[in-house]
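Below is one structure; the comments refer to it alone.
The values are calculated or read from the model by the stated rules, or taken from the named source; none is laboratory data. In this text, all values refer to a predicted model and were calculated from it rather than measured experimentally. A quick note on method: Cβ atoms are made from the backbone with ideal geometry, for glycine too, and the neighbour counts reach across all protein chains shown.
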């Protein structure tokens, strides 16, 4: 079943999001401190709920966050817990958590999610110059 | 003093004040890590004011919706401080929350953060119960807070977080 893709440009307070089942791209990147986390992330969560009914053979989610406020970190956890649920059901899911190499805060955040959520989580440094 | 703001706080104000702080600190050649930590603390401070200030007008002079925030430079880093009115009914809960974080080590705060993240839910106002924990963590040093009775059933709540170079 074809799924409409989500492609939202990032803004000063919300991340860039690409959810594209056909091309197997799932990416959230940038800053996240939206005015209302529920209205921003609600549609993304609903998209994944639909997607996991019939996912691609392998789903790799790219998280490349520069900044996350605490309200966003909470709702991202519920997204990851949804990945966990599908992963425990036998679906192949992995999260690649990118952080700028000198950004220990974003590294810590990734590590905490990896500890809380039961989904393969890879924490990957990238060059700040990129 | 780098920034002083007093008045109502909404999302647009939060956005402008944090962006302004970010660019002022960049101009001062502060390290990227320090700028990000200050940005972090400032966002949470302002979002606290935005989400938690009561709407009630106390009298013609004071609105509970008013808070003030300032960012200032000290010899060894940057300090962010906020002050706002709070109903005395809400003081004990907030006080015990802050005391639980006070003078904790980095590892202890990390543990509290993780527990709160794994447990709490987003409140209707959009808070995650993580704000002060995150600020204490980003600051990495003891913070200062006080409640001073102001008039009738209200107190002034003051809190200050510093980040070192």
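Taken over region B:1-27, the criterion of being away from chain A (no Cβ under 13 Å) and over 12 Å from residue B:80 (Cα atoms) is satisfied by B:6, B:7, B:8, B:24, B:25, B:26, B:27.
For region B:1-113, the strands (runs of 3 or more DSSP E) that sit wholly inside it and include 2 or more residues that are at pLDDT below 90 and out of contact with any helix residue (DSSP H, G or I) (no Cβ under 8 Å at 6 or more places or on another chain) are B:77-87.
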